[in-house]
Amino acid sequence: MTLPVRRNRYPARRWDPFAGFPGFDDLFDQMNRILTSAFPDVARISVNSWSPPVDIQETDDDYVVEADLPGVRPDDVTIDLQGREVRIGGEYGAAEQGESEQQRTRRSGRFDYRLTLPGEVSSESCTADLEHGVLRLRLPKVSPSTRKRIPVQAGRTAQLDPGQSPETNS
């Protein structure tokens with residue numbers, strides 16, 4: 001049994017839920033400008049940005065962060081570490097020369113992911129590796145200071161014989 005082939009006069013095209021609302025893009029841009037001016041340190045979401053899926057694991061010695069970045073080249077990824085704050089950002093899928101945006105169906109644009117680690121890390125020993133579309137960050141924890149016992153000694157006044165004054169002991 002064969003299924004009938006559906007033939008349309010019109011070519012298939014993407015459905016845009018906001019096509020019937022003229023000015024929606026202007027409203028989005030206006031709200032983005034207002035929020036950016038009110039909160040300049042907070043990352044804004046744009047139409048062409050996304051946040052990659054990320055897994056975070058804590059071991060005894062370090063934090064391991066794995067982010068899915070398929071199709072992203074290592075040169076297009078930036079990782080910033082400031083204190084306990086980690087920011088993974090970059091760009092992916094840049095359009096090739098002569099390629100029309102309307103022919104493009106794959107994701108492209110900027111990505112941004114921020115996280116705050118529960119503890120301090122040793123920034124000198126951090127490593128990042130991008131292999132098979134997975135970014136793996138190894139962030140070693142700051143080694144806890146070694147425990148040191150401080151001996152308690154008797155004070156000078158406790159070493160005096162009873163009945164002696166501090167002036168006569170010198």
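The values are calculated or read from the model by the stated rules, or taken from the named source; none is laboratory data. This structure is a prediction, so every number in the text was calculated from the model and none was measured. Backbone-built Cβ (ideal geometry, glycine too); neighbour counts: all protein chains shown.
For the reader, a short list of remarks on this structure follows.
- The strands (runs of 3 or more DSSP E) falling completely within the range 105-170 that include 1 or more residues that are at pLDDT below 80 and within 33 Å of the chain's Cα centre (by Cα) map to 109-116.
- Residue ID - surrounded by the fewest Cβ atoms within 10 Å (Cβ to Cβ), chosen from residues in the range 64-91 that are within 17 Å of Gly109 (Cα to Cα) and touching a helix residue (DSSP H, G or I) at 6+ places or on another chain (Cβ under 6 Å): Glu91
- Residue match in the range 41-57 (condition: at pLDDT 85 or above, part of a loop (DSSP other than H, G, I, E, B) and either of a type outside the set (A, V, I, L, M, F, W, C) or surrounded by 12 or more Cβ atoms within 10 Å (Cβ to Cβ) (or both)): yes
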